[in-house]
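A.B. asks: My structure is below; once you've seen it, I'll send some questions.
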Amino acid sequence: MFSSDNGRVLVFSGRANQKLTEEICGYMKVPSGKTVIRDFSDKEIYVRIEENVRGGDVFVVQSTCFPGNTNLMELLIMIDALRRASAKRITAVIPYYGYARQDRKNEPRVPITSKLIADLVVTAGADRVLTVDLHAGQIQGFFNVPVDHLFAINVLIEYIKEQKFENMIVISPDAGGVERARAYAKRLDTSLAIIDKRRDIPNEAKAMNIIGDVKGKIAFIVDDMIDTAGTLMEATDALLGAGAKEVHACCSHPVLSGPAGERIANSPIKSVVTTNTIPLNDELKINPKIKVLSVASLLGEAILRIHQETSVSSLFDSKKD
């Protein structure tokens, strides 16, 4: 087991994404920490850490995906248990950081929930946070502890290159995603187009205009997450209507809630490439249009570098090449 001045490195998993944790531990060549996690009959969560963590450098892997409130509470309880067991340092590894869409007051009398979640994680006892593709980069500033913000582009871009698409164009599904789409376009050496959309109520969007020429091209939509896939379907129809040859999409976080799976299966979109920051349900696993790539090596390498106090900057650089 790795050790340093920080103590032994220990990796524990909540129930949100145990398979990803196993892959991370496989990359690091360390065993996964032993825990007992179960629900009382009223759905309160019981946690017991099954091994000595005193003086250890502990990493807790838990995405706050569906069921988000349960997985968040489980993360907080695990952090508290580890803090009370005298872990030297606790890093919350949150591959998917939920509640990130509420990152500012954009109308009266609404919360800034992503700040609230940050406060809860730190108050529970986390000394550091490791996450992947926050919905908004400024969420890093909501934490009063160091945040290592990784980008799944470094995993997704290699897969896209392997497909050898000809005459491809990268598409930003909205104005807010232009910076992300520009990073993809630069790495893929392709042009960029933007979809101007208007959202009237949450989870519903209408694609309006396409800024850029997509006629005869293979359009690749890039986003940080796909939730109900409503925006994706509108974008696909708009691109095909503007003359795109075919449409593909990729995202870091496959939220894919509600009718998302059915929408993707029945739509003209050719493929949706994503990562395993969120585990897919059985219905989505058998959807032939959905391709899942692993971020285990990315997270595992980051954990090793954090433990060894070496540079992590090359891992969260989204503008390589």
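A.B. asks: All but one of (1) touching a residue at least 12 places away in the same chain (Cβ under 8 Å); (2) out of contact with any Lys or Arg (no Cβ under 6 Å at 6 or more places or on another chain) hold for S86; state the number of the condition that does not hold.
C.D. replies: S86 satisfies all of (1) touching a residue at least 12 places away in the same chain (Cβ under 8 Å); (2) out of contact with any Lys or Arg (no Cβ under 6 Å at 6 or more places or on another chain) except (2).
A.B. asks: Considering only region 126-133, I want to know if a residue exists there that is buried (at least 20 other Cβ atoms within 10 Å of the Cβ), touching a Pro at 6+ places or on another chain (Cβ under 6 Å) and among the hydrophobic types (A, V, I, L, M, F, W, C).
C.D. replies: yes
A.B. asks: Of these, R48, R15, R83, which one is in contact with a helix residue (DSSP H, G or I) (Cβ under 9 Å, 6 or more places away or on another chain) and assigned to a strand (DSSP E or B)?
C.D. replies: Checking each option against the conditions leaves just R48.
A.B. asks: Okay, moving on. Considering every residue within region 82-95, establish whether at least one is within 29 Å of A238 (Cβ to Cβ) and surrounded by 15 or more Cβ atoms within 10 Å (Cβ to Cβ).
C.D. replies: No, there is no match, as no residue in region 82-95 is within 29 Å of A238 (Cβ to Cβ) and surrounded by 15 or more Cβ atoms within 10 Å (Cβ to Cβ).
Yes or no, residue by residue, for (1) hydroxyl-bearing (S, T, Y); (2) assigned to a strand (DSSP E or B); (3) within 27 Å of A193 (Cβ to Cβ); (4) at pLDDT below 95:
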position	(1), (2), (3), (4)
A238	no, no, yes, yes
V247	no, yes, yes, no
S252	yes, yes, yes, no
G258	no, no, no, yes
I278	no, no, no, no
K291	no, yes, yes, no
L298	no, no, no, no
A302	no, no, no, no
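To keep it simple, each residue is scored yes or no on (1) touching a residue at least 40 places away in the same chain (Cβ under 8 Å); (2) touching a helix residue (DSSP H, G or I) at 6+ places or on another chain (Cβ under 6 Å).
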{"residue": "A260", "(1), (2)": "no, no"}
{"residue": "S267", "(1), (2)": "no, yes"}
{"residue": "N276", "(1), (2)": "yes, yes"}
{"residue": "L280", "(1), (2)": "no, no"}
{"residue": "E283", "(1), (2)": "no, yes"}
{"residue": "G300", "(1), (2)": "yes, yes"}
{"residue": "S313", "(1), (2)": "no, no"}
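A.B. asks: Let me ask something additional. Just checking, which of S314, S267, S271 is in contact with a Lys or Arg (Cβ under 6 Å, 6 or more places away or on another chain) and either surrounded by 15 or more Cβ atoms within 10 Å (Cβ to Cβ) or at pLDDT below 95 (or both)?
C.D. replies: When all the criteria are applied, what remains is S271.
A.B. asks: Taking L284 and the conditions (1) in a helix (DSSP H, G or I); (2) at pLDDT 95 or above, which numbered condition does it fall short on, given that it satisfies the others?
C.D. replies: Of the numbered conditions (1) in a helix (DSSP H, G or I); (2) at pLDDT 95 or above, the odd one out for L284 is (2).
A.B. asks: Please list, ordered by first then second residue, the pairs with beta carbon atoms under 7 Å, 6 or more apart or interchain, first in region 133-148 and more than 22 Å from T310 (Cβ to Cβ) and in a strand (DSSP E or B), second at pLDDT 95 or above and of a type in the set (A, V, I, L, M, F, W, C).
C.D. replies: Correct list of pairs: empty, since none qualify.
A.B. asks: Something else about it: For region 283-312, what are the residues that are in contact with a strand residue (DSSP E or B) (Cβ under 9 Å, 6 or more places away or on another chain) and hydroxyl-bearing (S, T, Y)?
C.D. replies: Once the filter is applied, which keeps residues that are in contact with a strand residue (DSSP E or B) (Cβ under 9 Å, 6 or more places away or on another chain) and hydroxyl-bearing (S, T, Y), region 283-312 yields only S294.
A.B. asks: In region 4-36, which residues are surrounded by fewer than 18 Cβ atoms within 10 Å (Cβ to Cβ) and of a type in the set (A, V, I, L, M)?
C.D. replies: The answer is V36, and nothing else.
A.B. asks: Only one of (1) surrounded by fewer than 11 Cβ atoms within 10 Å (Cβ to Cβ); (2) modelled with pLDDT of 95 or more fails for M1. Which number is that?
C.D. replies: Looking at each condition in turn, M1 falls short on (2).
A.B. asks: Pick from region 62-75 the residues that are within 24 Å of G300 (Cβ to Cβ) and either hydrophobic (A, V, I, L, M, F, W, C) or free of Cβ contacts under 8 Å to residues at least 40 places away in the same chain (or both): which of them is surrounded by the most Cβ atoms within 10 Å (Cβ to Cβ)?
C.D. replies: Checking each candidate, the answer is L75.
A.B. asks: Quick one: in region 99-118, which of the residues that are outside any loop (DSSP other than H, G, I, E, B) and of a type in the set (A, V, I, L, M, F, W, C) is surrounded by the fewest Cβ atoms within 10 Å (Cβ to Cβ)?
C.D. replies: L116
The values are calculated or read from the model by the stated rules, or taken from the named source; none is laboratory data. Being a predicted model, the structure only gives us computed values, none of them experimental. Glycine also receives a Cβ, built like all others from the backbone with ideal geometry; neighbour counts cover every protein chain displayed.
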